[in-house]
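The values are calculated or read from the model by the stated rules, or taken from the named source; none is laboratory data. All of these numbers come straight from a predicted model, not from anything done at the bench. Cβ atoms come from the backbone with ideal geometry, glycine included; neighbour counts cover every protein chain shown.
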Amino acid sequence: MKVLVVGSGGREHAIAWKLLQSNRIKEVICVPGNGGTATLDGCRNLALSIDDHEGIARFALVNNCALVVIGPEQPLADGLADFLQNQDIRVFGPGRAGAQLEASKAWAKAFMAEANIPTAAAESFTSETEALAYVEQMGPPIVVKADGLAAGKGVTVAHSLETAQAAVRAAFDGHFGAAGDRLVIETFMEGQEVSVLAVTDGLTIRPLLPAQDHKPIGEGDTGPNTGGMGAYAPTPLVTPELLQRIQQQILEPAMTTLRQRGIDYRGVLYAGLMITPAGDPKVVEFNCRFGDPETQAVLPLLETPLIDVLLACVEGRLADLPPLQWTLGAAACVVTAAAGYPGSYSKGMAIHGLEAAAESGAVVFHAGTRYEKGQVLAHGGRVLGVTGLGDSFVTAIANAYEAVACLDYEGIYYRRDIGFRVRDLQNVPE
């Protein structure tokens, strides 16, 4: 069968790569794809925009694509899944109604209150004056979030009043565009963040391996948030017992409430969680798609064919799918970025060392790249995601960094401490 994957990031490269490991897949077409998908055997890029709903539908119909997988949150929030389903095209990804879980943090907060899902107390504001008065009243630490989609950069964890005030002013000054017209300001939660990506057919929901990512640009988790500078899975912070609690207290109540609201949600429900010092899970945010870069750490460990999982969700038979099979061990992904990211950055730099990195045994997923005249060029803020595998976290992380050392382009930047949190856990060998 042919599968069309919408998106151009590392997540979409990982999805295409994993799909092609099944002999049921004849070809994967990426819209618009990147330099990695352009050079992946069995894959090709299609020069369409992700907001060209008619063009995507026409191609899927004419080429008899068995499935469309929507990677990024923006086309989901824009209703691409609804548009395709209305033309009898099978889609993995929720419609516009379900995508509100990510597209509006205020909507998600009200949803969680209705579902009795544990999360931080919060208030929403459309007035800069009122928001500033609230953060002054509450005091730091406090979390300021743009209500809408901001490419993972709309959250400020403010440990000083001045930082909180600056975040409020930046949002209302248009720093995040329309996404910042409303702010959600919530109490600060202590603990460690984890990502639980779960697949669902609207009735049954199954978690994938729990992961952790590093959002801040700087080592030691400092500096402004990014789309993610690295990830690893499975995080030992989430024990089987804790995962069961997450299933019962968060994932299943979310699905029940979606159904009660008349929302048929088929795709990924991504719970970004805070594990408190007492060991309790609380929702930081919900996302409506595979995480990036968590996907680049989770999918390499999946042994069950990805196409089997996706079709079971789309066709409403996830309960009948045998338990998911996973490779023992761990995976760690290190993101290399362009100098200046998450602010302004250069493009067009030639990337060297891709073959050597692959020969090291790691998997190099392309994010912000393009293929031009036989050469791969940097074309985004996050350029590559390098995933190492191993029988332990230490080995996986070491293998990832060994491959990263092979890579070079002008201004290459990456964090050198990905995975530092798991080294503090007792069941991670030194």
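Within the stretch 275-292, the presence of at least one residue that is charged (D, E, K, R), more than 22 Å from Leu149 (Cα to Cα) and either modelled with pLDDT of 95 or more or not assigned by TED's automatic domain parsing to the domain that holds Val155 (or both) is confirmed.
Just wondering, is there one or more residues in the stretch 247-255 that are farther than 27 Å from Leu132 by Cα, buried (at least 22 other Cβ atoms within 10 Å of the Cβ) and touching a Pro at 6+ places or on another chain (Cβ under 8 Å)? Looking for residues that are farther than 27 Å from Leu132 by Cα, buried (at least 22 other Cβ atoms within 10 Å of the Cβ) and touching a Pro at 6+ places or on another chain (Cβ under 8 Å), one finds at least one in the stretch 247-255, hence yes. Each residue in the stretch 142-184 was checked for being touching a Lys or Arg at 6+ places or on another chain (Cβ under 7 Å) and of a type in the set (Val, Ile, Thr), and 2 pass.
Put simply, of Thr327, Thr276, Thr336 the only residue that is surrounded by fewer than 17 Cβ atoms within 10 Å (Cβ to Cβ) and touching a helix residue (DSSP H, G or I) at 6+ places or on another chain (Cβ under 7 Å) is Thr327.
Taking every residue in the stretch 252-270 that is at positive phi and pairing it with any residue that is crowded, with 24+ Cβ neighbours inside 10 Å, at least 6 positions away or on another chain, the pairs with Cβ-Cβ distances below 6 Å are Gly267/Phe92; Gly267/Gly93; Gly267/Pro94. So, Val157, is that one of a type in the set (Val, Ile, Thr), touching a residue at least 24 places away in the same chain (Cβ under 8 Å), outside the structural domain of Tyr413 (by TED's automatic domain parsing) and in contact with a Leu (Cβ under 7 Å, 6 or more places away or on another chain) or not? No; evaluated as a whole, the condition is false for this residue. If the condition is being surrounded by fewer than 22 Cβ atoms within 10 Å (Cβ to Cβ) and in a strand (DSSP E or B), then the stretch 187-197 contributes Thr187, Gln192, Glu193.
Hey, Leu237 hits all of (1) over 22 Å from the mean Cα position of the chain (by Cα); (2) more than 25 Å from Gln85 (Cα to Cα) but one; which does it fall short on? Here Leu237 meets the rest and fails (1).
Within the stretch 250-269, the set of residues being hydroxyl-bearing (Ser, Thr, Tyr) and over 19 Å from Val68 (Cα atoms) comprises Thr256, Thr257. Within the stretch 279-303, being surrounded by fewer than 22 Cβ atoms within 10 Å (Cβ to Cβ) and of a type in the set (Lys, Arg) holds for one residue alone: Lys282. Please tell me if Leu48 is surrounded by fewer than 23 Cβ atoms within 10 Å (Cβ to Cβ), without any contact (Cβ under 8 Å) to a residue 24 or more places away in the chain and touching a helix residue (DSSP H, G or I) at 6+ places or on another chain (Cβ under 7 Å). It is true that Leu48 is surrounded by fewer than 23 Cβ atoms within 10 Å (Cβ to Cβ), without any contact (Cβ under 8 Å) to a residue 24 or more places away in the chain and touching a helix residue (DSSP H, G or I) at 6+ places or on another chain (Cβ under 7 Å). Among the residues of the stretch 6-38, those identified as among the small types (Gly, Ala, Ser) and touching a strand residue (DSSP E or B) at 6+ places or on another chain (Cβ under 8 Å) are Gly7, Ser8, Gly9, Gly10, Ala14, Ala16, Gly33, Gly35, Gly36, Ala38. Can you say whether Arg206 is without any contact (Cβ under 8 Å) to a residue 60 or more places away in the chain and not aromatic (Phe, Trp, Tyr), as far as the supplied structure shows? No; evaluated as a whole, the condition is false for this residue.
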